[in-house]
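The values are calculated or read from the model by the stated rules, or taken from the named source; none is laboratory data. Keep in mind that what you see is a predicted model, and the values were worked out from it rather than measured. Don't worry about glycine lacking a Cβ; one is built from the backbone with ideal geometry, like all the others, and counts go over all protein chains shown. Accessible surface is based on the protein model in full, side chains and every heavy atom, while ligands, DNA and RNA are left aside. Shrake-Rupley method; radii C 1.70, N 1.55, O 1.52, S 1.80 Å.
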Amino acid sequence: MGLGGHSRVVSDVALRNGYSILGYIDDKPQPNQRNYIGTFRDFMNWKIYHDHKIFIAIGNNHIRKQLSNKLQHLSLSYATLIDPTAIIGSDVKIDEGTLIMPGTVINANTRIGKHTIINTSATVDHDCIIADYAHLSPGVHLAGGVRINSHVHLGIGSSVIPSITIDSLSVIGAGAVVTNDIPRQVTAVGVPARVIKKHRN
């Protein structure tokens, strides 16, 4: 599901995992888009999904959650996509619908929730917890024992020192260095990262 640039990268990872692509679902298809098979409403009226794995290929954390909520009554089977170039340590657990992009390194005893994105060349050290619907952008680096709660988005090239918690729905700006815990539902930027905005509910 999804036809943006992110979905093209997801397709590449899926193909490298031996999947074939049945088609793409999107409510705003591009003209002449290859393998476009219908809208979200079309999908809800089909039965074909019972025989195939699906993947929500949308970078926005909130939209991924909204779609998975709408689909939860269908008992779907979600693919978990791990690029063959990724290095995954021992005892790492990765939940359904999650994407691990090329060049990533995830070290021992890390837990990654469902429908999460670990983007290109990100590194996650030992004993981290990354909750559902989070997104680590390209080149993000987490030291050991970091906890990333649900719907957190870490911008490209940001870093987090050991044993820090970033609470749900918060955004870390590109290149930021997080040296203290970050509260829920804020934006933090800079070196060291400081809260500059609280988000409305």
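Would you please classify the overall shape of the range 66-201 from the alpha carbon gyration tensor, given that a ≥ b ≥ c denote the square roots of the eigenvalues, rounded means a/c under 1.5, and beyond that prolate means a/b larger than b/c while oblate covers the rest? Oblate, since a/c reaches 1.5 and b/c is not below a/b.
In the range 139-189, what percent of the accessible surface is made up of carbon and sulfur (1.4 Å probe, ligands and nucleic acids excluded)? Write down the numbers at each step before the final one.
Details: 1020 of 1790 Å².
C and S atoms contribute 57 percent here.
DSSP beta bridges confined to the range 44-201 are antiparallel in about 10 percent of cases.
Per residue of the chain, what 222 nm ellipticity follows from adding -39500 (n - 2.57) for every DSSP H run with n ≥ 4, rounded to the nearest 500? Show your work: numbers first, answer last.
Numbers: 3 runs with 29 residues, N = 201.
After summing the helix terms and dividing by the residues of the chain, the value is -4000 deg cm²/dmol.
Working from Cα positions, state the angle (0 to 90°, nearest 10) between the long axis of helix 5-16 and the longest principal axis of the chain. For 5-16 against the chain, the angle is about 80 degrees.
Starting with the highest mean, order 96-109, 6-19 by the number of other Cβ atoms within 10 Å, averaged over the residues of each peptide. Provide the component values of the computation, followed by the final result.
Values: 96-109: 20.0, 6-19: 16.4.
In decreasing order of mean packing, 96-109, 6-19 become 96-109, 6-19.
Against the chain, whose longest principal axis is taken from its Cα atoms, helix 61-71 shows a tilt of about 40°.
Please give the per residue accessible area of the chain, computed with a probe of 1.4 Å over protein heavy atoms only, in Å². Write out the running numbers ahead of the final one.
Values: 9960 Å² over 201 residues.
Here the residues of the chain average 50 Å² of exposed surface.
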